1. Considering every residue within the stretch 122-132, establish whether at least one is free of Cβ contacts under 8 Å to residues at least 12 places away in the same chain, under 19 Å from the mean Cα position of the chain (by Cα) and more than 24 Å from Thr192 (Cα to Cα).
2. Got at least one residue in the stretch 21-30 being of a type in the set (Phe, Trp, Tyr), in contact with a Ser or Thr (Cβ under 9 Å, 6 or more places away or on another chain) and assigned to a helix (DSSP H, G or I)?
3. Can you tell me how many residues within the stretch 185-198 are part of a helix (DSSP H, G or I) and in contact (Cβ under 8 Å) with a residue 24 or more places away in the chain?
4. How many residues are open to solvent by less than 20 Å² (accessible area, probe 1.4 Å) and at positive phi if we restrict to the stretch 17-48?
5. With the requirement that a residue be farther than 28 Å from Ser79 by Cβ and hydroxyl-bearing (Ser, Thr, Tyr), what does the stretch 174-229 give you?
6. What residue, of Thr109, Thr114, is among the hydroxyl-bearing types (Ser, Thr, Tyr), part of a helix (DSSP H, G or I) and touching a residue at least 24 places away in the same chain (Cβ under 8 Å)?
7. Among the candidates Glu204, Glu176, which residue alone is without any contact (Cβ under 8 Å) to a residue 12 or more places away in the chain, in a helix (DSSP H, G or I) and either more than 12 Å from the chain's Cα centre (by Cα) or buried (at least 19 other Cβ atoms within 10 Å of the Cβ) (or both)?
Amino acid sequence: MENTKLETFSDRLHARAKEIWKRNHSHPFVQAIGNGTLPEKKFAYYLKQDYVYLMDYSKLFALGVIKAHNIETMAKFASILNETLQVEMDIHRHYASEFGISAKELENTEPTPTTLAYTGYMLNAAQHGTLADLIACLLPCAWDYYEIGLLLKEQNGAALENNRYADWIRSYSSPEFGEAHKWLIALLEELTEGMPEKELLRLEKHFLVTSRYEYLFWDMVQNEQDWPL
């Protein structure tokens, strides 16, 4: 009998989302960060929306502590929560100050319809679902941002030295940032072992929906969309 290696569930998710992520990676906003041509006004708009997004995104890690099945998992979720609140959001505060955005302005930013819909979907699925549901919603942002960071770093190489957004690219392509999604993948593999296909399909749906929301978020900041009335 031929010995073939079956794909892991995370391999399956990555393959299903491949075309969506390609669109994310090639989005004009993302590419303009990479080559340094993005207007500062657009980046400032992104920073403010991403900041309020991260405030809700962080709550998912807090929910992870609640839904965790052992103390080691609880501690890891608590650690990632702290990293998000103290490190990643600090990057935003640092950048914001460079672009003339005060900490108060960041905190007072109103989320757009897309931001609200994205975070609302994740929080609803996480609160009413299992730990695996929560991870399926968390993963696309953490995983795809890391891939975007690596891609932009590879594409632009030495030109990053003169890129206004080089620190952003270095932050998201760093091994430290990559550790979070790798841990989440390992935990998801553990949780989905032997899981019925019906439940796997539910998790896959969460993964694909939030992957699409990643694209909608890039599109939103590219066009500086807001409430129409």
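The values are calculated or read from the model by the stated rules, or taken from the named source; none is laboratory data. Remember, predicted model here, so these are calculated numbers, not experimental data. All Cβ positions, glycine included, derive from the backbone under ideal geometry; neighbour counts span all protein chains shown. With ligands, DNA and RNA removed, areas are computed over all heavy atoms of the protein, side chains included. Shrake-Rupley method; radii C 1.70, N 1.55, O 1.52, S 1.80 Å.
1. The answer is no, given that none of the residues of the stretch 122-132 is free of Cβ contacts under 8 Å to residues at least 12 places away in the same chain, under 19 Å from the mean Cα position of the chain (by Cα) and more than 24 Å from Thr192 (Cα to Cα).
2. Taking the stretch 21-30 and keeping what is of a type in the set (Phe, Trp, Tyr), we get 21, 29.
From what is left, the residues that are in contact with a Ser or Thr (Cβ under 9 Å, 6 or more places away or on another chain) are 21.
So of that shortlist, the ones also assigned to a helix (DSSP H, G or I) come out as 21.
Taking every residue of the stretch 21-30 in turn, at least one turns out to be of a type in the set (Phe, Trp, Tyr), in contact with a Ser or Thr (Cβ under 9 Å, 6 or more places away or on another chain) and assigned to a helix (DSSP H, G or I).
3. Keep residues of the stretch 185-198 that are part of a helix (DSSP H, G or I), which gives 185-192, 197-198.
Next, only the ones that are in contact (Cβ under 8 Å) with a residue 24 or more places away in the chain stay: 185, 187-189, 191-192.
Going through the stretch 185-198 one residue at a time, the tally reaches 6.
4. Restricting attention to the stretch 17-48, the residues satisfying the condition of being open to solvent by less than 20 Å² (accessible area, probe 1.4 Å) are 17, 21, 24, 27, 29-30, 32-34, 38, 43-44, 46-47.
Remaining after also requiring at positive phi: none.
Within the stretch 17-48, residues that are open to solvent by less than 20 Å² (accessible area, probe 1.4 Å) and at positive phi number 0.
5. Scanning the stretch 174-229 gives a single hit, Tyr215.
6. Details: Thr109 fails: part of a helix (DSSP H, G or I).
From the options Thr109, Thr114, the qualifying one is Thr114.
7. Working: Glu204 fails: without any contact (Cβ under 8 Å) to a residue 12 or more places away in the chain.
After ruling out the rest, the residue left standing is Glu176.
Residue-by-condition table, conditions (1) at positive phi; (2) of a type outside the set (Ser, Thr, Tyr):
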{"site": "Asp133", "(1), (2)": "no, yes"}
{"site": "Pro140", "(1), (2)": "no, yes"}
{"site": "Tyr145", "(1), (2)": "no, no"}
{"site": "Gly157", "(1), (2)": "yes, yes"}
{"site": "Tyr165", "(1), (2)": "no, no"}
{"site": "Leu188", "(1), (2)": "no, yes"}
{"site": "Glu197", "(1), (2)": "no, yes"}
